[in-house]
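Notes for the one structure printed next.
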Amino acid sequence: MAQIIVLSLMAVVGMTIRQLPGFAFRSLSDYQTAMAAIHDRYDPVFGVGLVDALERLQVFRIFSSTWFSLGLVILVASIIVCTLDRTPRLWRQSAEIRVVQPEPFFAPNLPDRAVMSGVGADAVRRTLRRHHFKLREAEVDGVGYIYGDRHQYTKMATLLTHLGLITFLIAAVVTSVFGDEQGLIVTEGDSLTVQPIGTPGLLIVKNYDFEAPGFLETGQATDFTTDLGVFQDGREIARKTIRVNDPLSVGGYTFHQNGFGPAVKMLVSDAAGKPLWDGSVPLDAQAAGFPYGTLSVPGRDVGLQLLLQRATDGTGIVLIVPYRVTGELPNGQPNVTDLPPLALGAGRAAVAEGTDFSVGVRGFGEYTLLIAKKDPGQGLIWTAFALLISGIAITFYLPRRRIWTRLSPAGELAIVARSDRYVDVEREFGRLLDDLVAARTPVAAPPPPASPAPA
């Protein structure tokens, strides 16, 4: 119980404090980006020093931390030891049956006992079998004993429950160690790798088209879908239009439609007109309530901050703020110097002051947010669920019932009922007694006395 409580408290921490996303562990830069977001969120609350300490303690990745994994391993070992300790005792309780009981065991003043006469051994057998009892018999010194057992091995079902718990925990470890979950932001027409470059059997997803009917007109999408293709080794292995609750599963991954947002189609060119960047930039963050994103200009020490706003005529306009990183502040954060901003609409371009390149806005589009999930423990989860439900169902709905009977040479029948909990013994024992009474052999009435002979 102490182990379960500790793991539960750790799980509460993991559900309360923001955790690092799966993609943060793809590369050092991804990890630094994700941790920067956590610092932005918690530094004002806890301070930089405490956040750094929590990072070293793996608080921001509780469910894959050394502490949580070690706790799961110890809990699995404890349940296995407990199961091994209980199994011999459960087997003895189920398999070892004492048909013959001493006479005081049948004393009618004890609970769930009854005594009657006029019921023969054949009637007892028929009645017990009709109530689905498996019979065993013995005879000692002319006294007959008939024992009935129903659902004899129910107690062994607790082993199924224990095995289900163990399988659940093993599934959690398998998913934590071998599973993968990535948030993929893919703009229309673009592709993105699912796993790190160099992974054998690398998967690549392509966003052929994204649709969100009604979003531009009302701001509320009635539905949103992505025409998604998945490639492996240079060939397309699957393609499907996915939507919420209708994912695409291929290559061990399941791709879920999770969200969407605006993107800006941009062209960044050097002084000679050579493109430095020609593609879409997803605006997957918020600044002052407006869609916001950043772009690091390839080959330059300059980045672009992009803020999407709506002009008075309803058209989109992008506020572009170039920035240059000139060093590092004492707190370890980069020292950023902003350059003069630009405001561009679709089809417009301008030279960014203080740089040697021009920035153009080709137009606007959308990005789709996908969750790529690989869960090798999923099959184990379903197996564990089946074992757990089976064990609980058998324990609650098929409890063990036992009947001992003792038939004396004088024809007196003593009966004892025993059962596991969850059984209405009084009701079931009453029905059994009613059937035994109905099976009693009528006692013949004594013949009338003979009439005296006439004188």
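Points to keep in mind about this one:
- Evaluation of Asn335 against (1) out of contact with any Gly (no Cβ under 6 Å at 6 or more places or on another chain); (2) at pLDDT below 90 (one fails), failing number: (1)
- The criterion of at least 2 residues that are of a type in the set (Val, Ile, Thr) and touching a residue at least 12 places away in the same chain (Cβ under 8 Å) is met, among strands (runs of 3 or more DSSP E) falling completely within the range 280-384, by 316-328, 334-338, 357-374.
- Sole residue being surrounded by fewer than 18 Cβ atoms within 10 Å (Cβ to Cβ), in contact with a strand residue (DSSP E or B) (Cβ under 9 Å, 6 or more places away or on another chain), modelled with pLDDT of 90 or more and within 25 Å of Ala138 (Cβ to Cβ), chosen from Leu407, Leu433: Leu433
- Residue match in the range 185-202 (condition: buried (at least 19 other Cβ atoms within 10 Å of the Cβ), modelled with pLDDT of 90 or more and closer than 23 Å to Asp233 by Cβ): yes
- Only one of the numbered conditions (1) modelled with pLDDT of 90 or more; (2) surrounded by fewer than 17 Cβ atoms within 10 Å (Cβ to Cβ) is violated by Val318, and that is (2).
- Cβ-Cβ contacts under 8 Å between residues 6 or more apart (or on different chains), taken from a first residue in the range 130-148 that is open to solvent by 30 Å² or more (accessible area, probe 1.4 Å) to a second residue that is assigned to a helix (DSSP H, G or I), are listed as Arg130/Asp435; His131/Arg431; His131/Leu432; His131/Asp435; Leu135/Arg125; Leu135/Leu128; Leu135/Arg129.
- Test result for Leu342, closer than 19 Å to Gln32 by Cα, aliphatic (A, V, I, L, M) and out of contact with any Cys (no Cβ under 9 Å at 6 or more places or on another chain): no
- Note on the range 411-424: residues that are open to solvent by 30 Å² or more (accessible area, probe 1.4 Å), touching a residue at least 12 places away in the same chain (Cβ under 8 Å) and not in a strand (DSSP E or B) total 3.
- For the range 360-385, the set of residues classified as in contact with a helix residue (DSSP H, G or I) (Cβ under 8 Å, 6 or more places away or on another chain), more than 29 Å from Pro196 (Cα to Cα) and open to solvent by less than 50 Å² (accessible area, probe 1.4 Å) consists of Ala384 only.
- Residue in the range 150-160 that is of a type in the set (D, E, K, R), open to solvent by 20 Å² or more (accessible area, probe 1.4 Å), at pLDDT 85 or above and out of contact with any strand residue (DSSP E or B) (no Cβ under 9 Å at 6 or more places or on another chain) present: yes
- Every residue from the range 246-255 that is part of a strand (DSSP E or B) and surrounded by fewer than 19 Cβ atoms within 10 Å (Cβ to Cβ): Asp246, Ser249, Val250, Thr254
The values are calculated or read from the model by the stated rules, or taken from the named source; none is laboratory data. Computed from a predicted structure; not experimentally measured. Cβ atoms come from the backbone with ideal geometry, glycine included; neighbour counts cover every protein chain shown. Quick note on the areas: whole protein, heavy atoms, side chains included, nothing else; ligands and nucleic acids left out. Shrake-Rupley method; radii C 1.70, N 1.55, O 1.52, S 1.80 Å.
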